[in-house]
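Trainee: Got a structure here, written out as structure tokens. Questions coming.
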């Protein structure tokens, strides 16, 4: 599950029973900690909180909104790579620009290339639910740019309704992407694929 980046606030909400479990009516409670890890783009070592639902006894790792599940880089770093791909750069050029291993960037791009349309549709639905009379972004002739346009629309809709500032400052588009995916933006099985969904993932 994705939670806010402010660990003090997370602890306070857990203690008060204010972190709901989406699969039942129980409220999550503190249940130890995950393994400490270094995430590039996040200051210091990250040790995510674990929590358990007292009703169904299922445990969750609570990921702060600035990271994705099983990724060693902050979502803003990954987002910068995806943004550069939308501008037409390849994985080697992106790696040099962001000082990242080219193989790592290539892995991110390959995963996202396989889910561009499904992710775009998910973000459009987020924008429609959060916004009032928000127009669907027009297609731009490139699936990567279409995805980024949908992310921009979702960000505008959410911040327009709930405000553009969170506990730690301005809400960014990539934080929204992490929150909307539950930290699974690049994880297997997300978002659920529609039957027959396919298409070209290259830019002209």
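Trainee: Can you name the number of the only condition in (1) part of a helix (DSSP H, G or I); (2) touching a helix residue (DSSP H, G or I) at 6+ places or on another chain (Cβ under 6 Å) that residue 152 fails?
Mentor: The single condition residue 152 does not satisfy is (2).
Trainee: I'm trying to understand the selection: among the residues of region 126-175, which are closer than 25 Å to residue 189 by Cβ and loosely packed, with under 14 Cβ neighbours inside 10 Å?
Mentor: Selection gives 129 alone.
Trainee: Scan 41, 26, 32, 79 and give me the residue that is modelled with pLDDT of 90 or more and farther than 30 Å from residue 105 by Cβ.
Mentor: 32
Trainee: Scan region 157-195 for residues that are in a loop (DSSP other than H, G, I, E, B), more than 23 Å from residue 114 (Cβ to Cβ) and modelled with pLDDT under 90 and jot them down.
Mentor: Answer for region 157-195, where residues must be in a loop (DSSP other than H, G, I, E, B), more than 23 Å from residue 114 (Cβ to Cβ) and modelled with pLDDT under 90: 163, 164, 167, 168, 171.
Trainee: Can you name the helices (runs of 4 or more DSSP H) wholly within region 1-107 that have at least 3 residues being within 25 Å of residue 146 (Cα to Cα)?
Mentor: Filter on region 1-107 gives 75-86, 91-98.
The values are calculated or read from the model by the stated rules, or taken from the named source; none is laboratory data. Keep in mind that this is a model prediction, so the values were computed, not measured. Neighbour counts run over all protein chains shown; Cβ positions are idealised from the backbone, glycine included.
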